[in-house]
Amino acid sequence: MSLEEPGPDADAAAVARAADEMEALVGEHVRSRDDHLNAPGYVVRPDAVQDVLGTLREEANLDHLSCVTAQEYEDRYESIYHLKSYDDPTHEASVVVPTPKDDPRSESAAPVFRTADWHEREAYDLVGVEYEDHPDLRRILLPETWQGHPLSLDYDQERPQIVPLREHANPLEDDQEGDEGETMYLNIGPHHPATHGVLHLKTTLDGEQVIDVDPDIGYLHRCEEQLCQKSTYRYQIMPYPDRWDYISAGLLNEWAYARAIEDMADIEVPEYAQVIRTMGAELCRIAAHMLAVGTFALDVYGDFTAIFMYAVRDREKVQNILEDLTGQRLMFNYFRLGGVVWDLPDPREEFFESIRDFLDHLPGSLEEYHDLISANEILQVRTVDTGVLPPEVAKSYGATGPVARGSGVDYDLRRDDPYGYYDELDWDVVTEDGMDNYSRLLVRLREVEESAKIIEQCVDLLEDWPTDDRTIQSNVPRTIRPDDDTEVYRAVEAAKGELGIYMRSDGTEQPARFKIRSPCFSNLQTLPEMSNGEYIPDLVASLGSLDIVLGEVDR
Amino acid sequence: MSDSAPDRFRSDPTQVETDTRDARISGTDDRFNSKLRQAFGASPFILTKFDQFMNWVRGSSMFMLQFGIACCSIEMMHTYAVKHDLDRFGAGVPRASPRQADVIIVPGTIVSKFAPRMKRVYDQMPEPKFVVGMGSCTISGGPFQEGYNVVKGAEEVIPVDIHVPGCPPRPEALIYGVAKLQERIATGESSPVVVKPYELEEFGDLDRDEVVDQLAEEIDEDDLVMRYNWADSP
Amino acid sequence: MTGGDVVLQTTNATNATGAGVSRPPSAPLADSIAGMLGLDGVVGAVVGGLIGAFLIANVMLTTTAIAGPWAKRKITASFTDRIAVNRVGPFGLLIIVADSVRLLSKELIVPDGVDRPAWDLAPIVITFSALIGFAVIPFGSGLQLADPETGVVFVFAAASIASVGVVMAGYASNNKYSLLGGLRAIASNIAYEIPLIVTAASVVIFAGTLQMSEIVAVQRQPLVTVAGVTIPQWFAIVNPFAFALFTLANLAEIGRNPFDLPEAPTEIVAGFQTEYSSVYFVLLYLGEFIHIFLGGAIAATLFLGGPAGPVLPGFVWFYVKMWAFFLFTQWARSAVPRLRIDQFLDAGWKGMLVLSFANLALTAILVGVIV
Ligand code: SF4
């Protein structure tokens, strides 16, 4: 990936220096080094997790707990904390916490990073590592009566299970006894028009006011990680990313996997393919944001109104272009390791014409959205200063993407950790300082403009691309077997935020551990923070403004 | 897991009962027949005409349940919206409450945790109700069939009238599916239904086995539960 | 719909006698029908009233039948660049038959734990409260069932019975979403009924009467004549401010966007209707639409000169005005976001109420000074 890392030598040296400095900070706890491809890895004792993470956050400015991966080896369990810095995402470190097989217990990171709460619950649920000090270690994705931990080595999939259907299970019942006034417990979802899929919100109401909301997820847990671990790197994994964030963001997700495996197996991507990738990905982003805006309007307006329909109309246009490019409307499966599967469709002029046509009309439709939505007084009354998410809170929950940028956190991997062709192009990262539902809406609308800019430049580049230099795929071997025990964590900026992949190879054609860091999973965690004390309609609007996709939350 | 467990699961379809299912398995599905017809026993001319009229009515207009599960629901939304506009066929009114819906389009992967809820939503719909399974996931589990948590098709849980294959099916395909469903209803055909192993049962009614014993403390006797058995479903 | 006719009839009779204390009972439509049949006296009143009620109720039910399954879809579709029903019959018109028969023929689910008589009565109350309101509406061309002196009061009283129905439905359904919807309905009705009626009172001050036909008659007088065109004294023209207030409060009263909080899909599923299926749902659905038309009818009578209009007969004009109001509600539904409950109540108590009283006081002063 020469494109992505200008001056690899100097870079590597700087990284190594930084890694040693960090090691010095937490030296007393570090037992050994277990470096990953992009990040130094420090192996620490299970009881020093909070210390180490706390120090790294304060002293080394690693304030973004991007992901927690748990996995089981033949001889031990391991939890990996992937740390990054919001200011500079290339400044990374991993904290590796091995725990013995017979007593997989380790200290929880939840007191340091609030986002660790759910991540550790997931690790407990799927792998079976237990975290001491964790505020609420329950299953998160699987039904609470599930037996066994499916990603552990000795899990028996053939075993029958029993799933309960409990109604009105009020988690707060005990806390409420002393409360003044009456509260009412309300199940919102998993089948409810406002949850955009199968999310279940356990809500406690005081009149119309929300006093507590507890998202209950896992109604779409499709075992994506397990399936990727059972598939080969070269061909079989690529279709799955399309189905994580299924709101037309397929190419963005495919890129996450492509980036990780290309780093891991050292695959070059021809420049021409990078431009095509960039263009396709931004088209996807427009489509995804359009739907986000449409459904947000649906939530606030309360019916399948004009805005929703207009948004879908614009999506249809994007989908037509993407269909011309990839052959599918939604599940593209267009990226390949080292490039893309085929060149732009013939005749090229017509294809470019259709894109330009779309881009020409886009400002007009954006104008229309602004007239209908963002300039509407009632909508402003409804959304300004509701669902407030201060930047510090957003950071401690690991929020990324438009949610973080709507809170003024200037974090965009396309610029900060450049990949593809982004650093050669001229565009801006959009942030808003409002921290509320309205700014998240604005961020999305403005990001559509930026994406259009990028696409336009890509089209210009592609039009003039010399005919004899149109390599769409580099030479990649038929089977890929990365070296044993190579570990990599790589992320891209997907439609909803930082979409990261952690992979560990074991010398075979299939990854030994495949972990997806989904932006929605982290973003959804901020919901209680945003909506406690607000009214039900604001809860619904905040949920809409988070723009979660359950396929990605549950994976 | 003991070897006999799978057998125990599939056996005894008599133990769990739902009228709809039994009616459809035994071929005495009377969803299309009026009460009058039942009373008269035969089919005199006027009632036949009446039945035809009712079939036409049910085939011409239907309210859909606003129900989204996974990726396919995105294409389902496109089907409702501009360009494809399912409402042209009189089938484009999404109702949020299952009590007011006639057709449930199942758009996506069903996993163990969701299956009981979906069953519940289906049960809440008033008869006559129809199910359109959208996407490979509702046929077989689709790309996720191998997953430890995935129900291999909607038919395991509820009876499906029309399957629309594809991953996801294009909106045109879904429209075709709905149009086909309307056609079938209008001609009075009903669909054959396979036996579904997954039912909502009271926990206390389950056969005692290893799993049940383990969970006995966690689940109340009268809680509704659904068995999930990855290996056993077809 | 025979039940409705009976109810209507009874009410008319009551009203007729009530008004008869000071004046001979005036029931124009009933009288003319009786006249046509050559009956008079009590028999004439009863038969005429019955047939008249049957007529009016059927006109309204047909109107809603067109509006609900067909016109609403077509209107919404044209707002959203779609086509909507076009396969069943010409322009999809037969969908009306199909939809209503299908809904009526569905299974009626009575959920566990509903509060039986209340749950069953609620849809009936909601629908027929709206129908009763039409008893005093002057459709023009002599189509008016009864014309009591207290027509305005009667029509508002009848229309607001619906909120009782909504609360019954919400409370009896044994569903928390319904309950929330019911509570919202009470809150909105209390907050917006007062401005609605106070604004209507300003019209009453202008007209100096509570009788519907008189109010219409007053509006027939010319306001100004510009270049040979006479502009009648419609209260919407005399006092556009009051008209705007009234229209807003009316939207809230009938629970349409931006005030459709009691139903509010995407927040509370379908509000008070969540648990209703089949016949009851049809009744609720009908009730909702009849209410919109009743709202339109009141607005037309009080502010838009009732059946007045050039060339076409009065009845047609009145009909057009009601449909215009319906179109307006559908337009609002497609384009205006819903308010939050607290903002909604704030706007009601702090905005509308104050404005409507200001309007009333101003009108009173003006009328006092001029007259
Ligand atoms: S069939 Fe394909 S598109 Fe549809 S839900 Fe399943 S995986 Fe998603």
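Numbers below:
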item: Set A:348, A:405, A:382, A:356: member being within 26 Å of the chain's Cα centre (by Cα) and basic (Lys, Arg); result: A:405
item: Identity of the residue in region B:138-151, open to solvent by 10 Å² or more (accessible area, probe 1.4 Å) and within 12 Å of the ligand (Cβ to nearest atom), that ends up farthest from the other protein chains (Cβ to nearest Cβ); result: B:139
item: Qualifying residue in region A:234-250 (condition: part of a loop (DSSP other than H, G, I, E, B), more than 12 Å from every other protein chain (Cβ to nearest Cβ) and open to solvent by less than 10 Å² (accessible area, probe 1.4 Å)); result: no
item: Check on residue C:306, more than 30 Å from residue B:96 (Cβ to Cβ) and within 14 Å of another protein chain (Cβ to nearest Cβ); result: no
item: Complete set of residues in region A:367-380 that are open to solvent by 10 Å² or more (accessible area, probe 1.4 Å), of a type in the set (A, V, I, L, M, F, W, C) and either touching a Lys or Arg at 6+ places or on another chain (Cβ under 7 Å) or touching a residue at least 12 places away in the same chain (Cβ under 8 Å) (or both); result: A:372
item: Enumerated helices (runs of 4 or more DSSP H) restricted to region A:510-555, each holding at least 2 residues that are away from the ligand (no atom under 16 Å from the Cβ); result: A:519-524, A:527-531, A:536-546
item: Hits in region B:127-137 - residues which are at pLDDT 85 or above and more than 10 Å from the ligand (Cβ to nearest atom); result: B:130, B:131, B:132
item: Filter pass, residue B:64 being part of a helix (DSSP H, G or I), open to solvent by less than 10 Å² (accessible area, probe 1.4 Å) and either touching a helix residue (DSSP H, G or I) at 6+ places or on another chain (Cβ under 7 Å) or more than 12 Å from the ligand (Cβ to nearest atom) (or both); result: no
item: Residue identified as within 14 Å of chain A (Cβ to nearest Cβ), more than 11 Å from the ligand (Cβ to nearest atom) and farther than 28 Å from residue A:166 by Cβ among B:172, B:189, B:156, B:199; result: B:172
item: Boolean, residue C:256 is among the basic types (Lys, Arg) and within 14 Å of chain A (Cβ to nearest Cβ); result: yes
item: Residues that are hydroxyl-bearing (Ser, Thr, Tyr) and open to solvent by less than 10 Å² (accessible area, probe 1.4 Å), drawn from region B:74-98; result: B:79, B:97
item: Residue pairs meeting the criteria (Cβ under 6 Å; at least 6 apart or on separate chains; first at pLDDT below 80, in region B:42-63; second surrounded by fewer than 20 Cβ atoms within 10 Å (Cβ to Cβ)); result: B:47/B:36; B:47/B:37
item: Residue within region A:518-534 that is within 14 Å of chain C (Cβ to nearest Cβ) and hydroxyl-bearing (Ser, Thr, Tyr) present; result: yes
item: Hits in region C:221-238 - residues which are open to solvent by 60 Å² or more (accessible area, probe 1.4 Å) and of a type in the set (Gly, Ala, Ser); result: C:227, C:228
item: Residue A:100 vs. criteria over 23 Å from residue A:520 (Cα atoms) and surrounded by fewer than 19 Cβ atoms within 10 Å (Cβ to Cβ); result: yes
item: Filtered residues of region A:251-290 (kept if within 18 Å of residue A:455 (Cβ to Cβ) and either aliphatic (A, V, I, L, M) or not in a helix (DSSP H, G or I) (or both)); result: A:251, A:252, A:273, A:275, A:276, A:279, A:281, A:283, A:286, A:287, A:288, A:290
item: Filter result (within 12 Å of residue C:328 (Cα to Cα), open to solvent by 10 Å² or more (accessible area, probe 1.4 Å) and at pLDDT 80 or above) within region C:239-259; result: C:247, C:248
item: Filter result (outside any strand (DSSP E or B) and surrounded by 24 or more Cβ atoms within 10 Å (Cβ to Cβ)) within region A:470-509; result: A:495, A:496
item: Verdict on residue B:231 being free of Cβ contacts under 8 Å to residues at least 24 places away in the same chain, surrounded by fewer than 18 Cβ atoms within 10 Å (Cβ to Cβ) and aliphatic (A, V, I, L, M); result: no
item: Number of positions in region C:278-291 that are surrounded by fewer than 24 Cβ atoms within 10 Å (Cβ to Cβ) and at the interface with another protein chain (Cβ under 7 Å from one of its Cβ atoms); result: 1
item: Residue B:91 vs. criteria away from the ligand (no atom under 16 Å from the Cβ), farther than 30 Å from residue A:161 by Cβ and either free of Cβ contacts under 8 Å to residues at least 40 places away in the same chain or β-branched (Val, Ile, Thr) (or both); result: no
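The values are calculated or read from the model by the stated rules, or taken from the named source; none is laboratory data. Keep in mind that this is a model prediction, so the values were computed, not measured. Methodologically, a virtual Cβ is constructed for each residue, glycine included, from the backbone with ideal geometry; neighbour enumeration extends over all protein chains shown. The area values use the complete protein model at the heavy-atom level, side chains included, leaving out ligands, DNA and RNA. Shrake-Rupley method; radii C 1.70, N 1.55, O 1.52, S 1.80 Å.
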